[in-house]
1. Rounded to the nearest 0.05, what FRET efficiency do Thr271 and Val168 give with R0 = 51 Å and r taken as the Cβ-Cβ distance? Could you check?
2. R0 = 30 Å: FRET efficiency of Arg232 with Leu187, Cβ-based, nearest 0.05?
3. With a/c under 1.5 counting as rounded, go ahead and sort segment 52-140 into rounded, prolate or oblate using the C-alpha gyration tensor (a ≥ b ≥ c being the square roots of the eigenvalues; past the cut-off, prolate if a/b is larger than b/c, else oblate).
4. For Ala51 and His119, calculate 0.36 nm times their separation in residues minus their Cα-Cα distance, and state this gained length in nm to one decimal.
5. Between Ala126 and Gln223, what FRET efficiency follows from the Cβ-Cβ distance if R0 is 35 Å, with the result rounded to 0.05?
6. Return the sequence-ordered ³J(HN,Hα) values of segment 150-162 in whole Hz as given by the Karplus equation 6.51 cos²θ - 1.76 cosθ + 1.60 applied to θ = phi - 60°, using x for Gly and Pro.
7. How many angstrom lie between the Cα centre of segment 162-189 and the Cα centre of segment 244-300?
8. From the residues Val222, Thr250, Ala295, which one has its Cα farthest along the dipole of segment 208-299 in the positive direction, the dipole being from +1 and -1 charges on Cβ of Lys/Arg and Asp/Glu about the Cα centre?
Amino acid sequence: MLVPALILALAIGEFRPVSAPQVFVLATFLVIRRRTVGGLSAGKRLLAEQAWRPVSARVVRAGRWWLGCRIEVTDGDSVGVLLVTGLTRAHAAVIARTGSVWVVGDVMGVAVVRVDGSHEPWQAKAPRWTRSPRLFAAGQDPTMMLARRIQRAMSLQWANLAWLPIFVALGVWAFPDRPWVVVAWVLLFAAVMIAAVAFRLHRHPMLHRLPELVEAGPWTPVQASLRPWQARTDDTAQASAVIRLADGRTMTADMRSASVDLLGTVWDTGTLWFAGEPEPGKTMAAGYPGYPLLAVAVIR
């Protein structure tokens, strides 16, 4: 709220003193940013100084991504509980099936965790408080779990406009005597939000179809080699893979929105799986069955 106040001050030539609520919001933002950046710095330092080591693990509580996932880790004689920030329930399902993770750092302090079949590192630390265990049931399909999670995320894009009434209230509170400023504020916010949603839907097309694409047929492995690609800031990329089927035919699989994790696995293994038999013109789910690695591919 502080930055919009400065922008509006420049626009209308008047600056109002920063209020207590604005100071509180700014202070909260700075504290969260400091903790986040500090945690990332610690993780980078661990990755630079130590090698990954496999340890036994079990999920003791799989919360939503903003609450983190709690896993009990056994590293030799050391047993500790780590709160893994951002770990999805699809990744937790892999841990429940394999009973292990890869880790660097202290399992009773600050660490970085990696799940089997994935390159993505997750920040982890010993939790400040304990919660009652709630064991995560094995047997769930991580691939379908990820497909449904992505579908929900894409369906909720337009729900961001629900913030509009809050910004109306903020505008009325900040400028009670200037209704035109409130109107301009609301129109600007609505335009920015609509443009952001439209851009995201354009960059990540057809992801809402992932569950039905995963169910389209049995998984088929093929040889695959990636053409050069460049990662985007959201850890996805537009990529193309040349695939060779068992009968010798070659095709191209175009992926508008593939995770860097998925592309790294293609690079490592030289294979890619499709839900069904690849045929030119088909839109298919591409990934690795049993792991949270998934994308939409158009076969050409």
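A short reminder: the numbers here are calculations on the coordinates, not readings from a lab. The structure presented is a predicted model; accordingly, all values stated were derived computationally and were not measured. So basically every Cβ, Gly included, is an ideal-geometry build from the backbone, and we count neighbours across all protein chains shown.
1. On the way: r = 52 Å, r/R0 = 1.03.
Efficiency for this residue pair is about 0.45.
2. Working: r = 29 Å, r/R0 = 0.97.
E(calc), rounded to 0.05, equals 0.55.
3. On the way: a/c = 1.29, a/b = 1.08, b/c = 1.20.
Rounded is the answer for segment 52-140, as its axis ratio a/c remains below 1.5.
4. Working: separation 68, 0.36 × 68 = 24.48 nm, distance 1.37 nm.
Once the chain is fully extended between Ala51 and His119, it gains 23.1 nm.
5. On the way: r = 44 Å, r/R0 = 1.25.
That pair, Ala126 with Gln223, gives E of 0.20.
6. 5, 4, 4, 4, 6, 5, 8, 4, 6, 5, 4, 5, 5
7. 47
8. Thr250
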